[in-house]
Protein chains: 2
Amino acid sequence: MQVSLNKQRFIDSMKKQSKIGGTNGGGLHRLALSDADKQVRDWFLKSMKNACLEVRIDKFGNMFGRREGTDSTADPVLIGSHLDSQPNGGIYDGALGIVAALEFIRTLNDKNIKTNRPIEIVNWTNEEGSRFQPTMQGSGIWAGKLNISEELRKEDENGKILEEELERIGYKGEEPVRPSENYHAAIELHIEQGPQLENNGKSIGIVTGIVGLSWGAVTFDGEAEHTGTTPMENRKDALVAAADLITAIRRLPGSLGSHTVGSVGSINIEPNSINTIPKKVTATWGIRDPNDEIVTQGRTRVIEEAEAAAKREGVQVEWEDRARSSSIRFADRTVQAVEQAVEELGYDAQTIYSGAVHDAANMANVCDTGMIFAVSEDGKSHTEKEYTSWDDCYKAANTLANSSLYLANN
Amino acid sequence: MQVSLNKQRFIDSMKKQSKIGGTNGGGLHRLALSDADKQVRDWFLKSMKNACLEVRIDKFGNMFGRREGTDSTADPVLIGSHLDSQPNGGIYDGALGIVAALEFIRTLNDKNIKTNRPIEIVNWTNEEGSRFQPTMQGSGIWAGKLNISEELRKEDENGKILEEELERIGYKGEEPVRPSENYHAAIELHIEQGPQLENNGKSIGIVTGIVGLSWGAVTFDGEAEHTGTTPMENRKDALVAAADLITAIRRLPGSLGSHTVGSVGSINIEPNSINTIPKKVTATWGIRDPNDEIVTQGRTRVIEEAEAAAKREGVQVEWEDRARSSSIRFADRTVQAVEQAVEELGYDAQTIYSGAVHDAANMANVCDTGMIFAVSEDGKSHTEKEYTSWDDCYKAANTLANSSLYLANN
């Protein structure tokens, strides 16, 4: 059995959600638990009810809609993503996966298709982590990785408390934040947020896993001296040591693996004056690879390079790990369901690792999970310039529909 | 004729001024035109009057005290420095030169010494430039390098206007801000703020000139992409280009000259997130050398290195000059007056270039000028840890007194 979504209605829904929190620059500013988030949730709630879904909202605001299967005791298939956005982000990141899931349900209704298993669609609370940290909060609690009491107490930079904001917008539900039953499988559709599919001329990515990651920070501590009066040989310049490390991390992937990436994304410098030698510089590292062994090696090399740079410049060095996540390899049967769907639909696709982490990483903690990527123009994301053509969005949505349909019947 | 200052009274005055705006850490927080600046000016004003000086305050708050010579028509000798400090700076920077000048006058009074020429002592307004920019404002206007109307309009970071602050503390005087007559010579005593004297076991620096300087900023502009999803070969990382430049500038002096210094003191980075490739990084350069030719070569090399780094990383690059000052070579006769004084006093001294700019650079625009450095422990300055022993402070003050006395009689 193959389904084909209603393209115009799908595009209309994508446009509709993009106006809620939409920016003048054509992007989306819809931070978690903001007024815009409330409005888009209201729209999503109404849309789920109109599609005859049985709605549940849990105590962290995660929104589920269930369409019963012919076997209501069978483990359901879960599909969805998130409706919150980055500050001045794009209109596809997260929302595409929600609108496609909704449209899939509408199409099943239109065509009066009964699936064997129940299907649930979900909007996870605060995937982005830009207003409240960490990222993927809703799915993280649901999957048992985060503690709900701690997360409800989190504050944004204005001191607003997460739980109060959840109550304020009316989305603190009654359901416990955990899987209500066993799930048969989960699929998330998301934009790639990288350039690989476009570089290879593909519309669809069959995601086989999510890379492992090491995040941390190195702090170099030297001496804040006058830049004019201190001879070169007396300087202990923390920024010079940091520069050595930045260069080393740029070079590192080339000697580790063909899928390794690494960079220094942020720097803190004191006193940061044109006339004073930098005393203290903190540089954050990020190293990712599908192979956890390589991530471990990369982290070791970062520390070795930091020590060498510190010695060279005569400064002190400390480091701390900030995050470590193991790579995820999606289950064969979910990956195969996606492969089969793109093959039947005849789309240009390739297998791909996700370089970013997604709610799917948490769903994979609970059941066999897969992901579908839609090509991102220029790989741009977290910006108003994020773009995927409606044709490519539609292909990705059809892939989600057909792979989910297959899983719901098998 | 040789004079010897009253050591205890000199130390007492140093301690007295150090309490006005003194910090718990033993430093000084006495920003220009702050309440602390008003208090120390009140103390200085009273001290000048008690020493029977004829006081003038000009429209920019520069404070002069004149002791008449036997020939009141002779061009006077000008000595002084500044009483304002850096935020949480040290108790010697500037103040040592003022207290020594004051103590010199008191000693002349004690011993009833008449000099041939008049002697004027001066406290220049806002040498530090940390609250209002630029540095050396008072002496800069006086020397004709800055425009008084423009400088009076300057605002601090809280929007307070310089002229209003000057009026508020009661130090907007009536005198025009320009040399009231020809000056025979000027001498400034200051701490070294560098480690050369200590490294060579000397107490006193006979400053022969001030190095030339090139300050500027290079901005690299790349692409803000996701650090996980962007393949290494697709990255345009502005921070990597900046790191190349920082390393190149660290190396540069070694191929330019034995007195050349250079560094990147400050960095601005956007968006500065662990998870985003740095899009825009601005790095400031500073290059100094006693030889202006070498400063020019250094600036050219910085720009060449910036272009090479930008090309290597595929980012855009722009640069701007922020300051350029030519080196100053102090007049032989003022340098010789200092040399003669340390020789007669039997102090361990050496000739030295000043790596920092001082009010003396502006005085040198008006008349033959010299400078005396007191050794700085560990070369530390602009910090509460700034330190010069009372013995070394006293030696430097005696050097100021005797070189000024010589100039005032010849």
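The values are calculated or read from the model by the stated rules, or taken from the named source; none is laboratory data. Predicted, not measured: the structure shown is a model, and the values here were computed from it. Cβ coordinates were reconstructed from backbone atoms using ideal geometry, including for glycine residues, and neighbour counts include every protein chain displayed.
Annotations
- Only a single criterion out of (1) in contact (Cβ under 8 Å) with a residue 12 or more places away in the chain; (2) touching an Asp or Glu at 6+ places or on another chain (Cβ under 6 Å) is not satisfied by residue B:161, namely (1).
- Conditions (1) small (Gly, Ala, Ser); (2) under 30 Å from residue B:394 (Cα atoms); (3) modelled with pLDDT under 95: number failed by residue B:201: (3)
- Matching strands (runs of 3 or more DSSP E) fully within region A:10-84 where at least 3 residues are crowded, with 20+ Cβ neighbours inside 10 Å: A:63-67, A:77-81
- Among the residues of region A:151-179, those that are of a type outside the set (Lys, Arg), surrounded by 15 or more Cβ atoms within 10 Å (Cβ to Cβ) and in a loop (DSSP other than H, G, I, E, B) comprise A:156, A:169, A:171, A:173, A:177, A:179.
Yes/no per residue for (1) on the phi < 0 side of the Ramachandran plot; (2) assigned to a helix (DSSP H, G or I):
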{"residue": "A:96", "(1), (2)": "yes, yes"}
{"residue": "A:99", "(1), (2)": "yes, yes"}
{"residue": "A:108", "(1), (2)": "yes, yes"}
{"residue": "A:117", "(1), (2)": "yes, no"}
{"residue": "A:120", "(1), (2)": "yes, no"}
{"residue": "A:126", "(1), (2)": "no, no"}
{"residue": "A:132", "(1), (2)": "yes, no"}
{"residue": "A:146", "(1), (2)": "yes, no"}
{"residue": "A:149", "(1), (2)": "yes, yes"}
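- Boolean, residue A:302 is among the aliphatic types (A, V, I, L, M), more than 16 Å from residue A:241 (Cβ to Cβ) and not assigned by TED's automatic domain parsing to the domain that holds residue A:402: no
- Residue ID - farthest from residue A:75 (Cα to Cα), chosen from residues in region A:350-392 that are of a type in the set (Asp, Glu), within 14 Å of chain B (Cβ to nearest Cβ) and part of a helix (DSSP H, G or I): A:378
- Count of region A:220-236 residues, restricted to those that are surrounded by fewer than 20 Cβ atoms within 10 Å (Cβ to Cβ) and assigned to a strand (DSSP E or B), is 1.
- Residues within region A:332-348 that are out of contact with any Gly (no Cβ under 7 Å at 6 or more places or on another chain), touching a residue at least 60 places away in the same chain (Cβ under 8 Å) and outside any helix (DSSP H, G or I), tallied: 1
- Region B:251-282, subset outside any loop (DSSP other than H, G, I, E, B) and more than 9 Å from chain A (Cβ to nearest Cβ), residue nearest to residue B:237 (Cα to Cα): B:280
- Here residue B:116 meets each of (1) within 14 Å of chain A (Cβ to nearest Cβ); (2) touching a Ser or Thr at 6+ places or on another chain (Cβ under 6 Å) with one exception, condition (1).
- No other residue among B:127, B:164, B:150 is touching a His at 6+ places or on another chain (Cβ under 8 Å), at pLDDT 95 or above and not hydroxyl-bearing (Ser, Thr, Tyr) apart from B:127.
- Pairs are defined by a Cβ separation below 6 Å, a sequence spacing of at least 6 or placement on different chains, a first member in region A:88-99 that is closer than 15 Å to residue A:124 by Cβ and at pLDDT 95 or above, and a second member that is among the hydroxyl-bearing types (Ser, Thr, Tyr) and assigned to a loop (DSSP other than H, G, I, E, B); the pairs so defined are A:93/A:381.
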